[in-house]
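The values are calculated or read from the model by the stated rules, or taken from the named source; none is laboratory data. What you are looking at is a predicted structure, and each value in this text was computed from that prediction instead of being measured. Cβ atoms come from the backbone with ideal geometry, glycine included; neighbour counts cover every protein chain shown. For accessibility, only protein heavy atoms count, side chains too; no ligands or nucleic acids. Shrake-Rupley method; radii C 1.70, N 1.55, O 1.52, S 1.80 Å.
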Amino acid sequence: MMRSFSYLFISRMRFLPLLVFGTMLLTGCNPVDKDETVPPAQQNRNFQSEMDKMHGQLWTADERQRANTGATVSYLSQVEKEVFYYINLLRINPARFASSYAKDYTGVVGWTNGYGFDERKASLIQELTALPPLPILKPNETLFGSADCFATSGGQMGLTGHDRTGTGCEANAGLAECTSCGGYVTGLSVVMDFLIDAGESNSGLGHRRILLSSDYEWMGVAIRKHKNYDQMVVLNLDSRNL
């Protein structure tokens, strides 16, 4: 786990059963020693590329195309597009993702993995192995606008929660929200961070519950600079195409 703060937020009363997860804070971690011969950001890009070489062909060309729902969306950055791609590979075939990307994921170069990383990675693999396919997630511009506003203003203000007071942003447009702050440079690292859900105060695995839910089919993803923790990631999800 990177030095990050991650949170789960569920809105709307019809999702009341999920409120037991609450708002969850992942305690900060100190950076580990870095390999100065190759910048950490490049090491992480290289790691994602190697994972794709090893495992990407396990999905058919049609499956990879279906997973890449953000590919032609102009308002998404490359990393934001990758978030859609990797979570959709998982949702197309959870067991296959478990035995490939999840099994070989080792964390983010330059950062410690956080409390419970190994145990929660193991529980993720076990859960994915038994999980049926899920609907793929598609980009929604309204959800993106909601995520973009909060990631931009929240990052500039150094926020680490869901309270949008003073940000100039309206309330989350979607039914669910996940946020995290850390040194994200690849879509795979964003997806795996939320799925593993490491953190001493994050035992409810709320982010995992959201991303593995069949309730959501539309998502907005925004990754913006954070005042204290490199980047702020905001995911807003909904069952409806708003």
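A few remarks follow.
- Distance from region 102-152 to region 180-242 (C-alpha centre basis), Å: 6 Å
- Using the Cα coordinates of the chain, the gyration tensor eigenvalues translate into equivalent-ellipsoid semi-axes of 24, 22, 18 Å, sorted from longest to shortest.
- Here the dipole of the chain is about 300 debye; that uses its Cα centre as origin and unit charges on the Cβ of Lys and Arg (positive) and Asp and Glu (negative).
- Solvent-accessible area, 1.4 Å probe, carbon plus sulfur percent, for region 54-178: 52 percent
- Taking 25 Å as the limit for the C-alpha separation, the pairs Lys138/Lys227; Lys121/Lys227; Lys103/Lys225; Lys53/Lys103; Lys121/Lys225; Lys53/Lys121 exceed it in the case of Lys138/Lys227; Lys121/Lys227; Lys103/Lys225; Lys121/Lys225.
- Among the chymotrypsin sites (Phe, Trp or Tyr not before Pro) found in region 62-100, those both in a DSSP coil and sparsely packed, with 13 or fewer other Cβ atoms within 10 Å of their Cβ, are Tyr75.
- In region 97-201 the Cα-Cα distances spread across 10 Å bins starting at 0 as 12, 37, 34, 16, 1 percent of all pairs.
- Cα→Cβ-extended label distance, 7 Å offset, between Ala122 and Asn228, nm: 3.3 nm
- Where both bridge residues fall in the chain, DSSP classifies roughly 90% of the beta bridges as antiparallel.
- Each residue, Glu170 and Arg240, gets one label point 7 Å from its Cα in the Cβ direction; the gap between the two is 1.2 nm.
- The Stokes-Einstein estimate for region 175-242, based on a Kirkwood radius over Cα pairs and taken at 25 °C with 0.890 mPa s viscosity, is a diffusion coefficient of 195 µm²/s.
- Probe 1.4 Å, protein heavy atoms only - accessible area per residue of region 109-242 in square angstrom: 36 Å²
- Taking the inverse of the mean 1/r over every pair of distinct Cα atoms in region 75-120 gives a Kirkwood hydrodynamic radius of 12.3 Å.
- Residues Thr129 and Asp163, FRET efficiency given R0 of 41 Å [Cβ-Cβ distance, rounded to 0.05]: 0.65
- Accessible surface ranking for Ser180, Ser99, 1.4 angstrom probe, highest first: Ser99, Ser180.
- Cys178, Cys169, Cys149, reordered so the largest accessible area comes first (probe 1.4 Å): Cys149, Cys169, Cys178
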